[in-house]
């Protein structure tokens, strides 16, 4: 793969904040219920998304979800920027008992809670600028589709094997990113439209922190 495409893959990984220094891990899909509404939990990282939901969106069976509480201090500059919680959730299909997410058979969700909306928007603006710049650099080497979904949310879909799609959204003080990488056969667990649907589901479960 050309060097610039590798740079794009690196950029997509960076803007999703997929830190792997973990202080806890869970495979539970426990959801809390407040006034009849399903909500998630930043302390446990449970409830933001489930394997069942991704199965319904993708039409595939046999998926599992794994959530991780990521120490914000483990990612340089994240805590200093105002982050107070960071969750990572992988939803993937197991192959021959392998519990490692594989390209083309998995999606990764990263959620960062900030102290206020301005801090989350600052990260959003920075990552959007980085994504646009990188897309311009590799635009002649790969088919790239990108656009604004709504207020403070966008998507990018790099249609070559090993890259894939990303959706980023900032509801209030929370930064959300979800990625679905393509394998060598150019297949992904979710296409960009399905990825957008999944992110909207995550948004609907965010706890009401009343932070502005």
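The values are calculated or read from the model by the stated rules, or taken from the named source; none is laboratory data. Computed from a predicted model, the values in this text were never measured in an experiment. In this analysis, Cβ positions are derived from the backbone assuming ideal geometry, glycine residues included, and neighbour counts consider all displayed protein chains.
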Matching option when the condition is surrounded by fewer than 19 Cβ atoms within 10 Å (Cβ to Cβ), under 14 Å from the mean Cα position of the chain (by Cα) and farther than 18 Å from residue 88 by Cβ, among 191, 186
191
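Scan the range 83-129 for residues that are part of a helix (DSSP H, G or I), within 26 Å of residue 194 (Cα to Cα) and touching a strand residue (DSSP E or B) at 6+ places or on another chain (Cβ under 9 Å) and jot them down. Break it down into steps so the answer makes sense when it comes.
Here is the first cut: in the range 83-129, the ones part of a helix (DSSP H, G or I) are 117-129.
This time we only want the ones that are within 26 Å of residue 194 (Cα to Cα), so: 120-121, 123-129.
Of everything in the range 83-129, those that are part of a helix (DSSP H, G or I), within 26 Å of residue 194 (Cα to Cα) and touching a strand residue (DSSP E or B) at 6+ places or on another chain (Cβ under 9 Å) turn out to be 120, 121, 123, 124, 127, 128.
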Taking residue 177, is it closer than 19 Å to residue 200 by Cα, under 16 Å from the mean Cα position of the chain (by Cα) and either surrounded by fewer than 23 Cβ atoms within 10 Å (Cβ to Cβ) or at pLDDT 90 or above (or both)?
yes
Which of the residues belonging to the range 172-191 are over 18 Å from residue 53 (Cα atoms) and touching a strand residue (DSSP E or B) at 6+ places or on another chain (Cβ under 7 Å)?
173, 174, 175, 181, 182
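Could you check, for the range 192-208, whether at least one of its residues is assigned to a loop (DSSP other than H, G, I, E, B), out of contact with any strand residue (DSSP E or B) (no Cβ under 7 Å at 6 or more places or on another chain) and closer than 23 Å to residue 56 by Cβ? Step through it out loud before you land on a result.
Quick first cut of the range 192-208, residues assigned to a loop (DSSP other than H, G, I, E, B) only: 205-208.
With out of contact with any strand residue (DSSP E or B) (no Cβ under 7 Å at 6 or more places or on another chain) added as a condition, the list becomes 208.
Retained after the next criterion (residues that are closer than 23 Å to residue 56 by Cβ): none.
No.
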What strands (runs of 3 or more DSSP E) lie completely within the range 1-82 and have 3 or more residues being at pLDDT 90 or above?
63-70
